[in-house]
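Structure record follows, encoded as C-alpha cells.
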Amino acid sequence: MHHVKINELAKNITEKIIQNKEYYNAKINKLDNGSTILDMSQASWGGGKLVGEICMGGLGTVEFSSYNLDGHYIPSVNIYTSEPIISCMASQLAGWNVKLKKEVEKDGELKKKVIFQSLGSGPARAKSKVEKIFEELDYNDDSNCAIIVFETPKLPNEEVMDIVANKCGVNPNNTYAICAPTASLTGSIQVAARIVETGIHKLHEIKFPIDMISDGFGTTTIAPIAKDDLGAMGRTNDSISAAGLTYYTINVEKEKEEEIFELLKKAPANTSSSYGKPFLETFKAANYNFYEIDPGLFAPAIYTVNNIKTGKSISVGSVNHELLRQSYGLT
C-alpha cells in the first residue's frame, strides 16, 4: 500500500466532480497556466463528501448519518480508513502554509503584502514534503499530479498555483486546488471528516507511537453553517472536541499494553487546560491568539482503542452536549 499514489487517487475523485459539476454544484476555473480551481463554496452534500475524501488522498471513506443531540436532529459523518497514517498524516492534515507575498509601495516605501495565505491539506503535501512531519513518515508519492485543498473563500491565482506546482515538482496543468470557506456546507462536512485525523494528530503530539495504528473510524456532528468563517471555525472545532468519537485498532505486545493505554488517557479534548467553553469564547478570551490556547484542546471527545494483539480495549474521554448546544445556538 505504501506504493499507492494518493495524488492520482484524489485526481480521480476531482475529475468526477469536474465531469459532474452541475450535480455537485461546483464551479470550475481553468487558469492561464493550465492549473484548475474547483470552487466548492456552494457545493452539494455529495460535493462536500467528495472533498472530504480528496483530503484523505482517496484512502478514506466519508458517509453521512445523524446524531441525536438531546432531541435535536443533527447530521453527522462516519469516517473510516485502513491506511490511517498515509490518509490522515501524509494527506489530510492541514499543515502546509501556502503564502504569496508581493512588494507594494506604501508611503514611498516598498513593503511586502500578503496576497494569499491558506493552510493547505490534501495529497499535494506528500509531493511537496515541506513539513517536518514527513521526516517521520515512510511514504513517497511519485504521481505526476498534485491536488491541494484550501479552506478559504479566496480563490488562489496563477502565482499561488505555480508555487504549489513548483514545490510538488509537477506541471501546473496537472495541479488542482479544491476551495471552500469554513462557513459553507462543504466547510462543515470536510472539517467533520477530519475526526480520525485530529485524533491521530493529538496522539502524535503526546508521543503515542502512531505507527502501531492499523485502522481508524470516527463519527462526529456536521456543524450548522455559521454566518461567517470565524463562527464556523468555532462550531466545527466544537463538533470534534465535544462530540467527536474515534475508534482505532492497534497492534502492541501484551507487555507494553498497559503503558500505551495509560498514555492514551492524555489524549481526549477534556484533558486540555483550555477545555470547557465553546471554542469561540475561548478564542476571544485569548485575544484571538491561537498561541494562547492549549494545543491539546484540538482533539476528539472520546477515544476507543482496541489492541488486536490481546483483544483488550479501552475508552477514554467524554462528550459534552451542553457545550455543543451553546456553540450551535440551539434552543
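The values are calculated or read from the model by the stated rules, or taken from the named source; none is laboratory data. Everything numeric here is computed off the predicted structure, so don't read it as measured data. Neighbour counts run over all protein chains shown; Cβ positions are idealised from the backbone, glycine included.
Structural remarks
- Failed criterion for N174 (all others in (1) closer than 15 Å to I6 by Cα; (2) in contact with a Ser or Thr (Cβ under 8 Å, 6 or more places away or on another chain) hold): (2)
- Of all residues in segment 241-261 being part of a helix (DSSP H, G or I) and touching a residue at least 12 places away in the same chain (Cβ under 8 Å), the one that is farthest from S65 (Cα to Cα): K254
- Of all the criteria given as (1) part of a loop (DSSP other than H, G, I, E, B); (2) at pLDDT below 95; (3) of a type outside the set (D, E), the one not satisfied by P300 is (2).
- Test set (1) touching a Leu at 6+ places or on another chain (Cβ under 8 Å); (2) over 22 Å from I293 (Cα atoms) - H201 fails condition number: (2)
- Of all the criteria given as (1) surrounded by fewer than 22 Cβ atoms within 10 Å (Cβ to Cβ); (2) in a strand (DSSP E or B), the one not satisfied by M233 is (2).
- Tally, over segment 42-71, of residues that are among the polar types (S, T, N, Q), in contact with a strand residue (DSSP E or B) (Cβ under 7 Å, 6 or more places away or on another chain) and farther than 23 Å from A242 by Cα: 0
- Residues being farther than 16 Å from T220 by Cα and out of contact with any strand residue (DSSP E or B) (no Cβ under 9 Å at 6 or more places or on another chain) - total across segment 298-325: 2
- Hits in segment 164-189 - residues which are buried (at least 18 other Cβ atoms within 10 Å of the Cβ) and over 18 Å from the mean Cα position of the chain (by Cα): V164, A165, K167, C168, V170, P172, N174, T175
- If only residues of segment 11-39 that are aliphatic (A, V, I, L, M) and touching a Leu at 6+ places or on another chain (Cβ under 9 Å) are counted, the one that is surrounded by the fewest Cβ atoms within 10 Å (Cβ to Cβ) is I28.
- Of all residues in segment 266-277, those satisfying the criterion of being under 21 Å from I85 (Cα atoms) and not aliphatic (A, V, I, L, M) are K266, P268.
- Selection of segment 42-64 for residues being assigned to a loop (DSSP other than H, G, I, E, B) and either crowded, with 20+ Cβ neighbours inside 10 Å or over 22 Å from the mean Cα position of the chain (by Cα) (or both) yields A43, M56, G57, G58, L59, G60.
- Among (1) touching a Cys at 6+ places or on another chain (Cβ under 8 Å); (2) closer than 19 Å to K312 by Cα, the one test that K265 misses: (1)
- Answer residue from segment 65-94, given it is buried (at least 18 other Cβ atoms within 10 Å of the Cβ) and part of a loop (DSSP other than H, G, I, E, B) and is farthest from the chain's Cα centre (by Cα) among those: E83
- Applying the condition of being in a loop (DSSP other than H, G, I, E, B) and among the hydrophobic types (A, V, I, L, M, F, W, C) to segment 104-147 and asking which residue is surrounded by the fewest Cβ atoms within 10 Å (Cβ to Cβ) yields V130.
- Residues within segment 148-169 that are of a type outside the set (S, T, N, Q), in a loop (DSSP other than H, G, I, E, B) and touching a Pro at 6+ places or on another chain (Cβ under 9 Å), tallied: 3
- Per the conditions (1) touching a strand residue (DSSP E or B) at 6+ places or on another chain (Cβ under 9 Å); (2) loosely packed, with under 15 Cβ neighbours inside 10 Å, the sole criterion not satisfied by K207 is (1).
- On the stretch given as segment 262-297, residues that are outside any helix (DSSP H, G or I) and over 20 Å from G231 (Cα atoms) total 6.
- Within segment 24-40, tally of residues that are out of contact with any strand residue (DSSP E or B) (no Cβ under 7 Å at 6 or more places or on another chain) and touching a residue at least 24 places away in the same chain (Cβ under 8 Å): 4
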